[in-house]
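Contents: one structure, followed by commentary.
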Amino acid sequence: MNEIKIAIVDDQNLFRQSLGLLIDSVEQFRLISESEEGNSFLEKLNTKGAVLPDIAIIDMDMPGMNGIELNTILHQQYTHIKVIVLSVHVQPMLITQMINAGAAAYLAKNCDKNELITAIETVYKTGFYFNAGALVALRESANYRAQTQKNISNIPVKLTAREKQILELICKEYNNAEIGEQLFLSTRTIEGHRNNLINKAGCRNTAGLVLFAIKYSLFQLPV
């Protein structure tokens, strides 16, 4: 696996420093910045010559710019930075809101360190990571049992058989190259299908696409 560049945004000094030590202990991880809140993190990103992270691990409750605002700005202005939310708040609607807004994963702050490592590696590889807690939250969200497939603009969506096949493999955490091998198609063709699926569903990224599949029972992920 390539080196994964990571940034931490959390206002709790001891927690942030401890998390930094954990990241430094993993060979393929590289901690490139620590920030107390969203505004200071964005300033670092905007500094000339700054090394940008692959993944930003962010808290929800922070002074200045909180995690909700930061997640939105990162998705709009730094689309290649994947966001992992690490929070004490695990309400189903909040988890669904953050994933719909572009977050790639949502973990509780009391999660096991091995799960966090797995989440980082999985998000880097596939663009999303949903653990059992997140899946339960998504399934309990108010809109989960909607019957007609609709995109974020409430427009009905119809997927082709090929798109459903590719969506299933995406939900199984296959990347574009692996899906191409399974279906005997080029990586570029799979990338095109993935982008078409994201556009049809009206979601922001792969994590949102998986949420779309779960919401409309197009794929049943185990809990």
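Take the Cβ-Cβ distance between residue 46 and residue 161 as r, set R0 to 45 Å, and report the resulting FRET efficiency rounded to the nearest 0.05. Could the numbers behind the result be given before it?
Working: r = 45 Å, r/R0 = 1.00.
Here the calculated transfer efficiency is 0.50.
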Item to check | Solvent-accessible surface ranking, highest first, for 109, 125 at 1.4 angstrom | outcome: 125, 109
Checklist outcome for this item: For the chain, the longest principal axis of the Cα atoms and the Cα long axis of helix 206-215 enclose an angle in degrees, to the nearest 10, of 50
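Counting each DSSP H run of 4 or more residues in the chain as -39500 (n - 2.57), what helix-only mean residue ellipticity at 222 nm follows after dividing by all residues, to the nearest 500 deg cm²/dmol? All intermediate terms of the calculation are to be shown ahead of the outcome.
Working: 10 runs with 108 residues, N = 223.
Result for the chain, helices only: -14500 deg cm²/dmol.
Where the accessible area of the range 38-115 is counted over protein heavy atoms with a 1.4 Å probe, how much of it, in %, is carbon and sulfur? Write down the numbers at each step before the final one.
Working: 1810 of 3470 Å².
For the range 38-115, the apolar C and S fraction of the accessible surface comes to 52 percent.
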Item to check | With Cα atoms, 0 to 90° folded angle of helix 187-201 axis to the chain main axis | outcome: 90
Item to check | Contact order relative to length of the chain, as percent, for alpha carbon pairs under 8 angstrom and 6 or more apart | outcome: 16
Checklist outcome for this item: the range 34-97 accessible area per residue, 1.4 Å probe, protein heavy atoms, integer Å², reads 47
Next on the checklist: Of the candidates 131, 114, 175, which one comes out as most mobile in a Gaussian network treatment of the chain with C-alpha springs shorter than 10 Å?
Outcome noted: 114
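Based on the alpha-carbon set only, what is the convex hull volume of the chain divided per residue, in Å³? All intermediate terms of the calculation are to be shown ahead of the outcome.
Details: hull volume 28.1 nm³, N = 223.
Normalising the Cα hull of the chain by residue number yields 126 Å³.
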Next on the checklist: Using a 1.4 Å probe on the protein heavy atoms only, what accessible surface does residue 164 show? Give it in Å² to the nearest 10.
Outcome noted: 100
Checklist entry - What is the distance in Å between the Cα centres of the range 165-223 and the range 43-120? => result 22
Item to check | Net lengthening on full extension, residue 24/residue 76 (0.36 nm per residue, minus Cα-Cα) | outcome: 15.9 nm
Checklist entry - Taking N as the number of residues in the range 156-223, what is its alpha-carbon radius of gyration divided by 2.2 N^0.38 Å? => result 1.02
Checklist outcome for this item: In units of 2.2 N^0.38 Å, the Cα radius of gyration of the range 1-89 is 1.00
Checklist entry - Can you give the angle from 0 to 90° between the axis of helix 113-126 and the longest principal axis of the chain, with both taken from C-alpha atoms, to the nearest 10? => result 50
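The values are calculated or read from the model by the stated rules, or taken from the named source; none is laboratory data. The model shown is predicted, which means the values in this text are computed figures rather than measured ones. We place every Cβ from the backbone using ideal geometry, glycine too, and count neighbours over all the protein chains shown. Surface areas here come from the heavy atoms of the whole protein model, side chains and all, with no ligands, DNA or RNA. Shrake-Rupley method; radii C 1.70, N 1.55, O 1.52, S 1.80 Å.
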